[in-house]
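Just so it is clear, none of the values below were taken in a lab; they were calculated from the coordinates. These numbers were taken from a predicted model, which means no experiment stands behind them. Heads up, the Cβs are rebuilt from the backbone with ideal geometry, glycines too, and the neighbour counts pull from every protein chain shown.
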Amino acid sequence: MKENLLLLIKLQECDSQLVELSAKKKTLPENIEKLDKEFSSFKEGIEKNKIKYDELKSRHTESENKIKKLNESIVKTKERLLEVKNNKEYQAMLKEIDIAESSRGDIETEIISILEELDKFSVLVKKDEEILKQRKTEYEQEKKMIENDLNTIDADVVNWEKNRLDLRKNVSDDLLARYEKIKKRNRGVGVISVWKSVCNGCHMNIPPQLYNELQRSNELLSCPNCNRIMYFQDMEKPF
Ligand SMILES: [Zn+2]
């Protein structure tokens, strides 16, 4: 292949890589941010059962404490009962004990239903914890990959810029100017491959005569449609 065309193809690769790297430098941190948000909202959602479980747990403790206090007061009242002199006072104390025992019964019923709920929620919480653990591993792996990618960008940019500079030294000023002008007008691509009469930049057909010329001539030919500098590339053979 023509030497100057080869240089341009390599230069194009440098320029394209640099564009891609600078885009990545912007999108990768956005991807990380998105990943963080997704994970924390997932975590928030999955922790609902745990919150409910903790609520039940503290309600259970509260109820147990109430029972303990009721028991203590029942014992005390029963002790005082032995020292009571008159019947009226005796009856009042029996009533007091009765009320305390009845509310203890209510609380015990409540505790049974709390314990049932606790059983149910402890199964859910256990499942949620496993799901969360799995999801966390995936999230951390994915994040690490993006971060690694992000960390190599700066070094890659330095390398590609050095390559680019070296190549530009070997391309004539005229050709460089032509390439830059075409590139600017064609979304960063100034040199393009052509295969089976089709320009890979604009996907238009190249007239047969020009296509033949492209494969033989030493001139740098431009696509009649997008004006990019063309080179013939047999897509069925490795480049
Ligand atoms: Zn074209």
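Using only alpha carbon pairs under 8 Å that are at least six residues apart, calculate the relative contact order of the chain and give it in whole percent. Walk me through the numbers before you get to the answer.
On the way: 175 pairs, mean separation 64.7, N = 239.
Relative CO of the chain lands at 27 percent.
Using only DSSP helix segments of four residues or longer, with each worth -39500 (n - 2.57), what per-residue ellipticity at 222 nm results for the chain after dividing by its residue count and rounding to 500?
One gets -28000 deg cm²/dmol as the mean residue ellipticity at 222 nm.
Taking the dipole about the Cα centre of the chain, with the C-beta of Lys and Arg at +1 and of Asp and Glu at -1, give me whichever of Cys202, Cys226, Val19 is farthest to the positive side.
So the residue furthest toward the plus end is Cys226.
State the percent of C-alpha pairs, over all pairs in region 125-209, separated by a distance greater than 15 angstrom. Intermediate values should be presented prior to the final figure.
Details: 2754 of 3570 pairs.
That fraction is 77 percent.
Amide H neighbours of Val198 under 5 Å, counting only residues 5+ apart in sequence or on other chains, H built in-plane at 1.01 Å?
Ile206
Can you give the direction-averaged projected area of the convex hull of the alpha-carbon atoms in the chain, in nm²? Provide the component values of the computation, followed by the final result.
On the way: hull surface 92.3 nm².
Mean orientational projected area (the chain, Cα hull): 23.1 nm².
Springs between alpha-carbon atoms under 10 Å, Gaussian network over the chain: tell me which of Arg164, Arg104, Arg80 tops the mean-square fluctuations.
Among Arg164, Arg104, Arg80, the largest mean-square fluctuation in the Gaussian network model of the chain belongs to Arg80.
Among the listed pairs Lys24/Lys133; Lys26/Lys184; Lys48/Lys68, which have their C-alpha atoms separated by more than 27 angstrom in this model?
Lys24/Lys133; Lys48/Lys68
Given Cα pairs under 8 Å that are at least 6 residues apart, what percent is the relative contact order of region 173-231? Please list the in-between numbers first.
Details: 71 pairs, mean separation 19.7, N = 59.
Relative contact order for region 173-231 comes out at 33 percent.
With the chain treated as a Gaussian network of Cα nodes joined by springs under 10 Å, which of Leu221, Leu124, Leu81 yields the largest mean-square fluctuation?
Top of the fluctuation ranking is Leu81.
Quote the FRET efficiency, to the nearest 0.05, computed for Tyr90 versus Glu110 with a Förster distance R0 of 41 Å and r equal to the Cβ-Cβ distance.
Details: r = 31 Å, r/R0 = 0.75.
Calculated value: 0.85.
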